[in-house]
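Read through the structure below, which is laid out as structure tokens, and then see the notes.
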Amino acid sequence: MGAWGAEGSTPPLRLMWPFGRATKNVIFARVYDIITAARQHTAWGRLKERVLTSDHRRRHTNEHERIVAAIRERDGARARAEMTEHLDAINRIMFGGGSTT
């Protein structure tokens, strides 16, 4: 498995880290590693600076809280819906894309 959860992780990675640890999912670990590596590149930093506003950060934090709440309540359908909504929002914000589903 990858290098789970460096203490300096950004909020999205701090959310992903416990998911990977809890599930012991090798695919999830690999996705975490890929995202971590991508975030080190200059292009990612420029993209993030351009699109990640304080409003977007607040929205993402709220989305993360809803995802975690659904998981804590063992509501798989709601957790899936919240995660899908979150990924769709990120896709739209960063790339102008539509639904990830």
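Derivation of every value follows stated rules applied to the coordinates shown; laboratory data play no part. Keep in mind that this is a model prediction, so the values were computed, not measured. Don't worry about glycine lacking a Cβ; one is built from the backbone with ideal geometry, like all the others, and counts go over all protein chains shown.
Odds and ends about this structure:
- Ordered by the number of other Cβ atoms lying within 10 Å of each residue's own Cβ, fewest first, 17, 44 fall into the sequence 44, 17.
- Exposure proxy shown here: for 94, 83, the number of other Cβ atoms within 10 Å sets the order, fewest to most, as 94, 83.
- Most tightly packed first, judged by the mean number of other beta-carbon atoms within 10 Å of their residues, the peptides 29-39, 47-57 read 29-39, 47-57.
- Between residue 88 and residue 39, the contour length at 0.36 nm per residue exceeds the alpha carbon distance by 15.7 nm.
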